[in-house]
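This report refers to the structure that appears directly beneath it.
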Amino acid sequence: MSKSTITFRTDETRKAELDTLAKSLNRDRSFVINEAIDNHLSMYDWQIRHIKKGLEQAKRGDFVSHESVMAKMDKMREQCK
């Protein structure tokens, strides 16, 4: 996979924290930034897929009734007493 360069601005404290983390991992700053980007993109991909799945279920009418939710909440409240 080819690589390309991007530039962004951050404050000195964050840059120092990145460098400290990179050093502790015996990696460079680019590795740490790319790992963070990968994790961030993965999290949003997961979230979007689950939102779409939930919307599809709702369109099919496949969801829990209000009464069932309230009964579960009542049970949970009783357990907290």
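The values are calculated or read from the model by the stated rules, or taken from the named source; none is laboratory data. A quick note: this is a predicted structure, and the numbers were derived from the prediction, not measured. FYI the Cβ positions are ideal-geometry reconstructions off the backbone, even for glycines, and counts take in every protein chain you see.
Okay, here's what the table says:
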| quantity | calculated |
| --- | --- |
| Unmet requirement for GLY54, which otherwise passes all of (1) of a type in the set (Gly, Ala, Ser); (2) modelled with pLDDT of 95 or more; (3) surrounded by 12 or more Cβ atoms within 10 Å (Cβ to Cβ) | (2) |
| Scan of the range 16-68 for residues that are touching an Asp or Glu at 6+ places or on another chain (Cβ under 8 Å) and outside any helix (DSSP H, G or I), ordered by number | none |
| Selection status of SER68, over 25 Å from the mean Cα position of the chain (by Cα), surrounded by 10 or more Cβ atoms within 10 Å (Cβ to Cβ) and at pLDDT below 95 | yes |
